[in-house]
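Written below as structure tokens is the structure these notes are about.
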Amino acid sequence: MLARKARSQRGTYRPERVGGLRASSAARKEETVRRLEVAINALLGRKDPITLAAIEREGGPAYSTIRRNDRALELWEKFKPKPKRIAKKADPVLSYSRAELIAHLRRERDNVATLRQQLHAEVEAHALTTSHYQNLLADQLNKEERIAGLEAKVARYDQHLAGLRDSLSGE
């Protein structure tokens with residue numbers, strides 16, 4: 001059977017191996033920063049927006065790589081797009097004093113009352129106009145009916161006269 005390593009020896013690295021790992025890690029970090037700088041400079045040169053997708057298209061590192069590298073993260077923070085601030089419009093009502101608000105409220109209440117009176121007057125005028133037009137229409141229909149009756153009488157008289165003419169001319 002193979003002898004097991006003592007607990008104190010497990011997970012330890014020799015100093016020469018640790019130095020090599022540290023050097024490799026530092027080189028990868030520098031390469032990440034260099035790739036990020038190249039991508040940002042290319043985007044700046046073309047005046048394109050600097051976004052994570054644009055950086056990756058330019059051959060730069062992904063955000064997951066950037067956030068693990070302090071220098072790359074600082075560089076990204078420096079050039080990342082800043083959110084646009086939306087200017088808040090001040091509410092003019094908030095700047096009024098209590099007395100001004102009460103006066104404004106009373107004016108508006110009076111305006112509403114005036115508008116209601118105007119509306120009722122217009123509704124009544126419309127009702128009267130509608131009633132007047134209905135009366136005119138009824139009168140017109142009565143006149144047309146009377147005209148039709150008179151035209152029928154005239155037609156009968158014309159027939160009667162034609163009959164009389166025929167009888168007189170035939171004698």
Considering only residues of the stretch 85-106 that are outside any helix (DSSP H, G or I) and hydrophobic (A, V, I, L, M, F, W, C), which is modelled with the lowest pLDDT? A87
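Table: residues versus (1) loosely packed, with under 10 Cβ neighbours inside 10 Å; (2) under 35 Å from the mean Cα position of the chain (by Cα).
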| site | (1), (2) |
| --- | --- |
| G45 | yes, no |
| P61 | no, no |
| A72 | no, no |
| K80 | no, yes |
| K84 | yes, yes |
| H160 | no, no |
Taking S167, is it part of a helix (DSSP H, G or I), exposed (fewer than 10 other Cβ atoms within 10 Å of the Cβ) and not aliphatic (A, V, I, L, M)? yes
Kindly list, by first and then second residue, each pair from a residue in the stretch 98-115 that is among the hydrophobic types (A, V, I, L, M, F, W, C) to a residue that is surrounded by 10 or more Cβ atoms within 10 Å (Cβ to Cβ) and in a helix (DSSP H, G or I), limited to pairs with Cβ atoms under 6 Å and residues at least 6 apart or on different chains. none
When the stretch 1-50 is checked residue by residue, the ones that are more than 19 Å from A72 (Cβ to Cβ), of a type in the set (S, T, N, Q) and modelled with pLDDT of 90 or more are none
Working carefully through the options E122, E37, find the one that is outside the structural domain of S25 (by TED's automatic domain parsing), acidic (D, E) and at negative phi. E122
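The values are calculated or read from the model by the stated rules, or taken from the named source; none is laboratory data. Keep in mind it's a predicted model, so treat the numbers as computed, not measured. Here the Cβ is made from the backbone with ideal geometry for all residues, glycine too, and neighbour counts use every protein chain on show.
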